[in-house]
Structure formats: C-alpha cells, structure tokens
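Right, one structure below, let's go through it.
Read the figures in this text as sums done on the coordinates, not as results from a lab. The model shown is predicted, which means the values in this text are computed figures rather than measured ones. Note that each Cβ is placed from the backbone with ideal geometry, even for glycine, and that neighbours are counted across all protein chains shown.
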Amino acid sequence: MNRPITIGVSACLLGEHVRYDGGHKHNRNITDVLGKDFNFVPVCPEVKCGLPTPREVMRLEGDSVAPRLMTCHTRLDLTGQMLDFCSIKMRELERENICGFIFKERSPSCGLKAVPLFEGAAPELFTVGLFAHEVVRCFPSLPLEEAERLNNPQIRSNFIEWVIRYHRNRYVYE
Ligand code: SF4
C-alpha cells in the first residue's frame, strides 16, 4: 500500500502564531519546497502542553542529563508539564507514521542541538530541547533536521532523500 509521506514540523515554522511573543517563524523552504513532497503534522509543544500565547520566555537550566524548563522571571518549573505532553504526543506521532521531523533551532522545547543550558546568568553548556529530546529517544532512526539548515539547498536535498528512503524502507512494501 502506498502511503503519503508525513513529517512532523515545529508549528511556528509553518506560519502558525504560536511563539512566546505571538509571532511565527514561517520558513518558505519548508512550506513551498518540502510541501510539494510531504504532508505536515504541525506540533507546538509549548502550546499543546497547555501554555498560553503570548507567554513568558523560558529557558533550560541545571543538569545536562535532566535539564529543567523554567520561566525566566516568575521561576515556574514547567518540566513535568512538558514531559507529560511529550509522552502522549510520542504515541500519536507513532500512529501518524511520521517519516521525519523538522525542528525550530535554539528553542528550549524544539531545538535539536545547541540549545543554551543555564547554570547562572550565562549559558554554560548547550543541549537539546525537551520535546526534541523525546523525539530522538523514541524514534532513534528518524530523519531529523533543524529549519535553519534547510535553507542550504544541498542539506535540503539530502534531507528530502533521507525521508523518502526512510518511508520506502518502512512502508512501501507493506
Ligand atoms: S519553537 Fe517549538 S515550542 Fe517554540 S513556538 Fe515553535 S513550535 Fe512552539
């Protein structure tokens, strides 16, 4: 059976107004180029875990093995709320047969690498966003990329091929 190829995407990259400031980060290389080949499953983990838009700025703090998602001014620890959402969402993504995921870089929830991790006022280390970390853990061979890198035509082309190969290996011969 031939299935459409579906990939997950951080919702702000598709133009949804879900960012902390009520804005978006629409990336036309995703919607206009990858959109020709793939269906999208938009996910904003911060909104879907129950936070409002606009909302207070957050950051990752503490231990790199188990970072905490903290609001910067009111000092609320949202780690449990985010991880509860993630455990439900991973099962949904499995049912949706996603064949890749594109993340918004540097987000404490969605960043795939180089997300600042704070011990004090300045970032000490760089880590992975909480939601992105759960996607990596639950789908270890899934094609993954950050949106900014897809502005490079060669990286974009490699990602498209990677997703198609993953889809073919998993679903085309079912
Ligand atoms: S980076 Fe992730 S959590 Fe932040 S607005 Fe975009 S989709 Fe939502």
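Before moving on, here are some points about what is shown:
- Residue identified as surrounded by 15 or more Cβ atoms within 10 Å (Cβ to Cβ), over 27 Å from LEU83 (Cα atoms) and among the hydrophobic types (A, V, I, L, M, F, W, C) among PHE131, PHE159, PHE139: PHE159
- For region 107-122, the set of residues classified as more than 22 Å from LEU144 (Cα to Cα) and surrounded by fewer than 16 Cβ atoms within 10 Å (Cβ to Cβ) consists of GLU119, GLY120, ALA121, ALA122, listed by residue number.
- Region 124-174: number of residues that are over 19 Å from the mean Cα position of the chain (by Cα), in a helix (DSSP H, G or I) and of a type in the set (Ser, Thr, Tyr): 2
- In region 124-143, residue farthest from the ligand (Cβ to nearest atom) [restricted to those that are over 15 Å from PHE103 (Cα atoms) and in contact with a strand residue (DSSP E or B) (Cβ under 9 Å, 6 or more places away or on another chain)]: GLU124
- Failed condition for ALA121, given (1) more than 10 Å from the ligand (Cβ to nearest atom); (2) in contact with a Phe, Trp or Tyr (Cβ under 8 Å, 6 or more places away or on another chain); (3) in a loop (DSSP other than H, G, I, E, B): (2)
- If you go through region 1-58 and keep only what is near the ligand (Cβ under 9 Å from one of its atoms), touching a residue at least 40 places away in the same chain (Cβ under 8 Å) and out of contact with any strand residue (DSSP E or B) (no Cβ under 6 Å at 6 or more places or on another chain), you end up with CYS12, LEU13, LYS25, PRO45, GLU46, LYS48.
- Residue in region 43-59 that is within 15 Å of the chain's Cα centre (by Cα) and part of a strand (DSSP E or B) present: yes
- Of all residues in region 97-106 being touching a residue at least 40 places away in the same chain (Cβ under 8 Å) and more than 8 Å from the ligand (Cβ to nearest atom), the one that is surrounded by the fewest Cβ atoms within 10 Å (Cβ to Cβ): ASN97
- Answer residue from region 59-92, given it is of a type in the set (D, E, K, R) and away from the ligand (no atom under 14 Å from the Cβ) and is farthest from ASP21 (Cα to Cα) among those: ARG91
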